[in-house]
Amino acid sequence: MASFADFVVRDWVAYVVGQQNIQKGLLASFLEREFGFYCQVADNGKDELPAGLPGDRRVLLMRDCSGDDAESIIAYLDHFGDRLLEDDKIYVVLINLDPDLNIEAVMLRRGVRGVVNANAAPKLLIRFIQAVVAGELWFPRQLVSRCILESRGQGSAKEEDKDSTVSLSVSLSEREREVLIEIGIGSTNDQIADHLCISQHTVKSHVYRIFRKINVPNRLQAALWASKYLA
């Protein structure tokens, strides 16, 4: 079983959805074997979260995209509205995504936590899941940076004045600002630790405090906050 710091299996439940029953079963078995997750597999046509999932756990919602086109994936995410950007209890990831669909940027903006293309090796899947449940995004760093940069300049003058007020009302230490800037350019916790010469545990502590101070639920929202108020 894979192990990593500060990860508590009982805090999570995995729900596997998609069109391919065999593939879904393999993914669920992989999660149970490698991480000890409690897993449920959706029946065909029943990709919505079941009402019976434990309410005090976070949900790793893994969609197997084998055979899916861009329209069906986007339509599936439409059911969530803005919930994936606001609710820190649901982590949606996409597995076996066809890279030719070229929809990673759309997925990132919709609140998807990470994407793995088809034929990913088991070791990569382990690293992927470890990163996602630790609160990190799993997208190309350049893509995260581009999406954040594109979010700039979209507000009105009144919004910019409001942004200045918000920025001044939040008290971040110099180290917290450095960590938040790194988040804003798409750095993982490992990369932040290397760049700032601090431990991963210290990075996690800073990230936790930053989220509380700027009142955001996840890494994507923190990156968007940084693009508005630290630019």
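Only one of the numbered conditions (1) more than 14 Å from the chain's Cα centre (by Cα); (2) assigned to a loop (DSSP other than H, G, I, E, B); (3) at pLDDT 80 or above is not met by residue 178, and that is (2). Scanning the stretch 62-97 for residues that are in a loop (DSSP other than H, G, I, E, B) and surrounded by fewer than 16 Cβ atoms within 10 Å (Cβ to Cβ) gives 67, 69, 79, 81, 82, 87, 88, 89.
Would you check if there is a residue in the stretch 149-171 being at pLDDT 80 or above and of a type in the set (Ser, Thr, Tyr)? Within the stretch 149-171, one or more residues are at pLDDT 80 or above and of a type in the set (Ser, Thr, Tyr). Of the residues making up the stretch 190-216, those that are part of a loop (DSSP other than H, G, I, E, B) and surrounded by 16 or more Cβ atoms within 10 Å (Cβ to Cβ) are 198, 216.
The values are calculated or read from the model by the stated rules, or taken from the named source; none is laboratory data. This is a predicted model, so every value here is computed, not measured. Backbone-built Cβ (ideal geometry, glycine too); neighbour counts: all protein chains shown.
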